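Participant: I'd like to ask some things about the structure below.
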Amino acid sequence: MSKENEKTIAPTADPLTSSLPAAYAAGLFSMGQAELLSFVIPLWAVLQGASPTQIGILVGARSLLTFFLAIHGGALMDRLGTRRVMLFFTAMTGLLAAIYPLLPWLPVMLVLQMLIGFASNMTWIGAQTIIALVTGGDPGRIGTFSFFSRVGTIFAPLLMGILWDVTGPRIAFLGISVWSTCMFFAVLRIKNPQKASSVIGTVSWRDIVPKLSDYTGSFKLALIPAVAFTLAISFTRHATNAAEGSFLIVYLQSLGYTGTLIGSLFSFAEIFNGLGSLTVRFLPTRRMIAWLMIGFTASSILLLALTPLLGGMFLLLGLAHSIRRLSEGIVQPLMFALQARAVPRDVQGSIVGLRVTNNRLASIVTPVVMGFAVEMFGLEAGFYVIGALLLAGCIYLAVTVARYRLDEL
């Protein structure tokens, strides 16, 4: 590897350590916020008499604007300042959550869902960008960030469930606003991680409209080997999650397990996801990061593909799912760290936006592909088919890493 490339991926020497606790809190609140919305929106739609198809459209609409505008949002953070943009979208999420139950008409709910989905996703993009800037791409600290993010996903649905049952839906939506307010104050405590000279002071409408140059600039980042590699890993990882989030639940229901048991299995596995992120600081990441990402991604895919061979035993299913989430927990901070170190500080938002767009594509494509596989071969065989396809992708990545010496990333 050339000295020029070594300089490009070198971590920042002096991370803003005083902002780390607030950055960890931002990760917790932003990930937890997504879980709150995932929990409450379908329940609210049922109360309004929405059909299953309408609920599906409503839930899917949450990712629509993010797919098209994630790159633009990341570029805004680079141009206007990550902290400033994140504060705006955090406030926007809280406001939209407060007015959501006041407008219980499906067409209006659809528009609100697209807006609140985009705003909440932007807070997560912002949290990832901030931790990359604050830590300079340090895998151990990013692993701690990922752990705290998972704490949000574990406890947020439980808190929202209690609030929904005890106080009712309207107060539950206000609970999301309170959650967003907590995130707003956490972000306020983060010192601006970008140099004042690199961001715009006074903002005009020309600064906030989408620009073709932002998209072309972001896609050019994919030409960097480390970025291309992490995008491929991220796509594979989210494709596995998409298969899990759709047909694994269907499979467990077909075995006769109740919603409570299925939910407890997923919640318990999230604990292992967070623990996996904490172990990253103890791994030999130097010159091993690419192989670690491939190995743990492949193990995650294999455990999902072998689900039908576990005999429907709840203990074995829970163990396999927990180990799978442990593997994913290890991969996430490695991926964040490698991307953060592969590009300059002034495009950290753009690279996160590119990855989120890539992830949304995986989430859209995979359920469709697995759906075709299930219709053609059956539910159990569908796991083998999607597993074989994703493992083939991992093998291709391994060959590429060995051939082009990407293990030196």
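The values are calculated or read from the model by the stated rules, or taken from the named source; none is laboratory data. Computed from a predicted model, the values in this text were never measured in an experiment. Using ideal geometry, Cβ is built from the backbone for each residue, glycine included, and neighbour counts are taken over all protein chains shown. The protein model used for the area step is the full one, side chains on, heavy atoms only, and it has no ligands, DNA or RNA in it. Shrake-Rupley method; radii C 1.70, N 1.55, O 1.52, S 1.80 Å.
Participant: Does Arg341 qualify as being assigned to a helix (DSSP H, G or I), charged (D, E, K, R) and modelled with pLDDT of 90 or more?
Facilitator: No: the conditions fail for Arg341.
Participant: Checking Trp205 against (1) open to solvent by 60 Å² or more (accessible area, probe 1.4 Å); (2) touching a residue at least 40 places away in the same chain (Cβ under 8 Å); (3) of a type in the set (A, V, I, L, M, F, W, C), only one condition comes out false. Which one?
Facilitator: Every listed condition holds for Trp205 apart from (2).
Participant: In this structure, does Leu334 turn out to be under 24 Å from Leu283 (Cβ atoms), among the hydrophobic types (A, V, I, L, M, F, W, C) and open to solvent by less than 20 Å² (accessible area, probe 1.4 Å)?
Facilitator: So Leu334 fits the description; yes.
Participant: Also, quick follow-up: Please list, ordered by first then second residue, the pairs with beta carbon atoms under 7 Å, 6 or more apart or interchain, first in region 301-318 and in contact (Cβ under 8 Å) with a residue 12 or more places away in the chain and in a helix (DSSP H, G or I), second surrounded by 13 or more Cβ atoms within 10 Å (Cβ to Cβ) and of a type in the set (Asp, Glu).
Facilitator: Once the first residue is in contact (Cβ under 8 Å) with a residue 12 or more places away in the chain and in a helix (DSSP H, G or I) and sits in region 301-318, its partners that are surrounded by 13 or more Cβ atoms within 10 Å (Cβ to Cβ) and of a type in the set (Asp, Glu) give Leu304/Glu244; Pro308/Glu380.
Participant: Working only within region 39-55, note down all residues that are free of Cβ contacts under 8 Å to residues at least 60 places away in the same chain and within 25 Å of Leu158 (Cβ to Cβ).
Facilitator: Of everything in region 39-55, those that are free of Cβ contacts under 8 Å to residues at least 60 places away in the same chain and within 25 Å of Leu158 (Cβ to Cβ) turn out to be Pro42, Val46, Ala50, Ile55.
Participant: Which members of region 353-375 meet the condition of being polar (S, T, N, Q) and either closer than 17 Å to Ile249 by Cβ or open to solvent by 60 Å² or more (accessible area, probe 1.4 Å) (or both)?
Facilitator: Within region 353-375, Ser363, Thr366 qualify.
Participant: In region 223-267, what residues are farther than 20 Å from Met370 by Cβ, of a type outside the set (Gly, Ala, Ser), in a helix (DSSP H, G or I) and open to solvent by 40 Å² or more (accessible area, probe 1.4 Å)?
Facilitator: Listed by number, the residues that qualify are Pro225, Thr260, Leu261.
Participant: Considering each of Gly126, Gly143, Gly137, Gly152 in turn, give the residue that is within 22 Å of the chain's Cα centre (by Cα), within 25 Å of Pro333 (Cβ to Cβ) and not in a helix (DSSP H, G or I).
Facilitator: The conditions single out Gly137.
Participant: Another question about this same structure. Which of the following residues is at pLDDT 80 or above and within 16 Å of Ile130 (Cβ to Cβ): Phe185, Phe173?
Facilitator: Testing whether each residue is at pLDDT 80 or above and within 16 Å of Ile130 (Cβ to Cβ) leaves just Phe185.
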